[in-house]
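Okay, so here's the structure we're looking at.
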Amino acid sequence: MTSSFKEFNFSETISKAIEDVGYETPTAIQAEVIPHILQGSDVIAKAQTGTGKTAAFGLPSLELLSNNPKKTILILTPTRELALQVCSEMVLFSKHMGVLPSCVYGGEALFNQLKRLRRDSRVIVGTPGRLLDLFKSGHLTHFKPETVVLDEADEMLNMGFLEDIREIFSYLPQERQTLLFSATLSKEIRGISSRFLKDPVSCDQTTDERHEDIEQLHYLIPDRQRESALIQLLQYHNPTKAIVFCNTKRQVEDLAEQLKQSGFGTLQLHGDMTQTDRQRSINGFKKAPRKILVATDVAGRGINVTDVTHVINLELPFSPECYTHRIGRTGRMGNKGTAITLVTQKQQYMLKRFLKTKMSNIHLSQLPSPEDVKNIMKKNFTEKLHEEYIHQDAEEILALMKEGNQIEDITLKLISHAWRSKAQPTNRFVVSPSPGESSGGNSRGGRSRNRNFDNNSGSGNRKFRGSRSGSGNGSGSRSRSGNSGYSGKSGYSGKSGSSGSSGNRGRGR
Ligand code: AMP
């Protein structure tokens with residue numbers, strides 16, 4: 001396998017961009033398809049999202065463009081999120097070429113997109129509907145792309161874009177290079193390939209199909225207890241970053257609210273949200289250290305977050321391809337991931353079809369018992385304490401809290417402790433005065449006396465840094481840190497009887 005990008009002999013501008021984004025070694029799909037694309041062949045590639053497929057087609061097609069400045073590139077994607085994602089990567093890859101890729105999709109004013117196209121239309125990334133409108137209305141009359149990419153082609157077909165794609169191709173030049181990327185190579189995809197690609201080279205990433213980096217767990221749940229089962233599993237598996245897939249928008253809204261009320265840091269994503277709100281959710285999910293994103297398939301398709309630890313299917317999706325897509329959101333770029341699916345007795349046969357296996361090979365786990373959940377939460381909490389290296393002082397605060405002391409009492413105890421400690425420099429809770437503050441506490445009216453939980457003696461104290469006004473805040477921050485945004489409410493098991501009534505209320509995705 002190609003071990004370095006140098007072996008592709010990319011021009012300086014592309015090499016510099018690769019260096020900027022920090023890629024060192026080509027991924028399997030990149031190693032396989034880049035040489036073919038550089039040679040000008042059509043390519044049909046089976047590749048999951050998360051395998052580096054955007055760079056696999058983006059880098060060589062831009063390389064060809066850099067050799068021929070008159071060349072143009074068109075990339076079709078099923079959703080606007082994916083279009084934005086792909087476009088932003090193309091912007092990075094073409095940064096040193098003086099090219100500015102443009103993104104077009106439904107839901108944003110045409111005026112803005114036309115403005116972008118007038119500025120630079122050498123690389124256009126877009127969704128089929130909006131692109132077809134632009135071709136039909138004559139806004140892309142002079143756009144004759146020599147490279148055309150169909151990204152996540154199976155999803156475009158699932159979403160009913162076949163006719164739009166056919167019509168778009170009627171506007172494209174006969175002489176072109178066409179690249180098709182798809183997570184699955186169904187009969188329909190092969191049909192598209194034989195119609196629009198010429199002698200394509202097939203690249204099949206079969207290892208991804210096996211999802212070697214993803215542990216797939218299937219839990220047998222009673223009918224109508226999906227939400228409570230989910231909460232139990234979230235407590236048990238304690239994901240760092242999870243996407244929970246629902247089949248309807250209504251389910252997303254109901255579930256997100258329920259998880260929020262149960263103390264989980266939750267965001268939502270579905271097709272009825274405005275583009276700005278969707279982007280806000282995606283950004284929030286990317287940046288937050290711990291979050292659960294509740295999403296529908298359509299909205300979830302463009303999410304490109306490499307550190308998703310868990311994907312959870314609240315329900316089985318509508319097709320095996322969709323199942324493959326969903327679970328491929330975790331275990332990306334060499335990370336390990338866990339895919340959890342909630343299955344009722346009746347759905348076992350559907351699961352068999354999705355997993356393409358015999359019934360006897362399907363192992364359905366039982367939900368963890370409340371006792372199991374309690375124990376694992378305790379264990380996680382203890383581990384977290386060790387991980388964070390909570391100072392012994394924090395243990396004392398915890399003890400005070402456990403004793404049932406009121407916050408005022410704890411504050412008083414801490415202040416008096418700090419006050420006593422002041423006389424003994426080795427004692428805990430004491431800080432050296434910060435620069436500019438006199439040790440006698442007379443600067444700024446002696447405020448420094450109470451600024452006790454600060455940075456004198458090692459990392460443990462960092463927990464108490466913002467606690468300017470005494471221990472009230474200190475204890476608050478303590479409890480937050482242990483729970484990491486997940487278990488602000490302790491009584492999860494008490495919530496397990498929720499009805500799951502939202503299941504069939506909304507159909508739209
Ligand atoms: P994709 O499959 O295109 O959605 O890519 C998934 C993620 O992998 C993106 O965040 C890319 O920036 C990243 N990526 C792609 N190629 C490489 C590479 N060769 N080395 C490291 N990261 C990569």
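The values are calculated or read from the model by the stated rules, or taken from the named source; none is laboratory data. All values derive from a computational prediction rather than experimental measurement. Heads up, the Cβs are rebuilt from the backbone with ideal geometry, glycines too, and the neighbour counts pull from every protein chain shown.
A few remarks follow.
- Residue list for the stretch 220-263, restricted to those being in a strand (DSSP E or B) and crowded, with 19+ Cβ neighbours inside 10 Å: K241, A242, I243, V244, F245
- In summary, F135 fulfils each of the numbered conditions (1) in a loop (DSSP other than H, G, I, E, B); (2) in contact (Cβ under 8 Å) with a residue 12 or more places away in the chain with the single exception of condition (1).
- Test: E108 is away from the ligand (no atom under 16 Å from the Cβ) and in the same structural domain as T178 (by TED's automatic domain parsing): yes
- Residue within the stretch 104-120 that is buried (at least 21 other Cβ atoms within 10 Å of the Cβ) and touching a residue at least 40 places away in the same chain (Cβ under 8 Å) present: no
- Residues that are in the same structural domain as F143 (by TED's automatic domain parsing), more than 19 Å from the chain's Cα centre (by Cα) and at pLDDT below 90 do occur in the stretch 55-67, at least one of them.
- If you go through the stretch 20-48 and keep only what is farther than 15 Å from V149 by Cα and away from the ligand (no atom under 13 Å from the Cβ), you end up with P35, Q39.
- Cβ separations smaller than 8 Å between residues 6+ apart or across chains give the following pairs from the stretch 138-159 residues that are at positive phi and in the same structural domain as S194 (by TED's automatic domain parsing) to residues that are in a loop (DSSP other than H, G, I, E, B) and among the β-branched types (V, I, T): E152/T49; E152/T77.
- On the stretch given as the stretch 185-219, residues that are modelled with pLDDT of 85 or more and in a strand (DSSP E or B) total 9.
- Test result for L185, surrounded by 23 or more Cβ atoms within 10 Å (Cβ to Cβ), under 29 Å from the mean Cα position of the chain (by Cα) and of a type in the set (A, V, I, L, M, F, W, C): no
- Selection status of E175, in a loop (DSSP other than H, G, I, E, B) and either among the charged types (D, E, K, R) or over 28 Å from K95 (Cα atoms) (or both): yes
- Flag for R353 being crowded, with 22+ Cβ neighbours inside 10 Å, out of contact with any Asp or Glu (no Cβ under 9 Å at 6 or more places or on another chain) and among the charged types (D, E, K, R): no
Results for (1) away from the ligand (no atom under 12 Å from the Cβ); (2) surrounded by fewer than 18 Cβ atoms within 10 Å (Cβ to Cβ), shown as yes or no for each residue.
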site	(1), (2)
S11	yes, yes
I18	no, no
G50	no, no
E63	yes, no
N67	yes, yes
K71	yes, no
L74	yes, no
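- Meets criteria (among the acidic types (D, E) and within 11 Å of the ligand (Cβ to nearest atom)) for E7: no
- Per-region count, the stretch 291-316, residues farther than 17 Å from R332 by Cβ and either at pLDDT below 85 or part of a helix (DSSP H, G or I) (or both): 3
- Look at the stretch 33-50: where a residue is under 19 Å from S193 (Cα atoms) and a partner is assigned to a loop (DSSP other than H, G, I, E, B) and among the β-branched types (V, I, T), sitting 6+ places away or on another chain with Cβ atoms under 8 Å, you get I34/T2; K46/T184.
Listed here are the residues, each with its yes/no results for (1) in a helix (DSSP H, G or I); (2) under 20 Å from A288 (Cβ atoms); (3) modelled with pLDDT under 80.
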position: C322; (1), (2), (3): yes, no, no
position: H325; (1), (2), (3): yes, no, no
position: P368; (1), (2), (3): no, no, no
position: K374; (1), (2), (3): yes, no, no
position: D393; (1), (2), (3): yes, no, yes
